[in-house]
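Nothing in this text is a laboratory measurement; each read-out follows from the coordinates by a stated rule. These figures come from a predicted structure and were not determined experimentally. Here the Cβ is made from the backbone with ideal geometry for all residues, glycine too, and neighbour counts use every protein chain on show.
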Amino acid sequence: MTTLATKQHILDTGGYVYDIDHEVYFNRSAKKIFSVEFLEKHEPAEIEQSIHEDGDTGNWRFYFNVPPPESVKREIASALG
């Protein structure tokens with residue numbers, strides 16, 4: 001499998017869906033959001049590790065190369081429910 005196909009498979013298996021408006025992949029039950037740029041820059045093993053990290057904080061976890069401002073986090077979290 002190519003790296004892109006491997007990354008897509010990891011996201012699909014993890015229950016992540018793409019939000020075109022914010023250019024992120026997210027999983028509501030895990031409360032995790034991955035930017036496209038993060039996914040492009042990181043290796044499949046790193047992405048899989050991030051998906052399986054404990055996320056019991058009750059808050060959305062953002063995986064971006066550069067942390068987004070709080071206002072952007074609130075906007076995305078609100079839009080995604």
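Side notes on the structure shown:
- For segment 36-81, the fraction of alpha-carbon pairs lying more than 12 Å apart is 68 percent, rounded to a whole number.
- MRE, 222 nm, helices only [DSSP H, n ≥ 4, -39500 (n - 2.57), over the chain, to nearest 500]: -13000 deg cm²/dmol
- Counting only GluC sites (Glu not before Pro) that DSSP places in a loop and that have at most 16 other Cβ atoms within 10 Å, the longest clean stretch of the chain runs over 24-52.
- FRET efficiency estimate (nearest 0.05) - Cβ-Cβ, residue 2 to residue 49, R0 25 angstrom: 0.80
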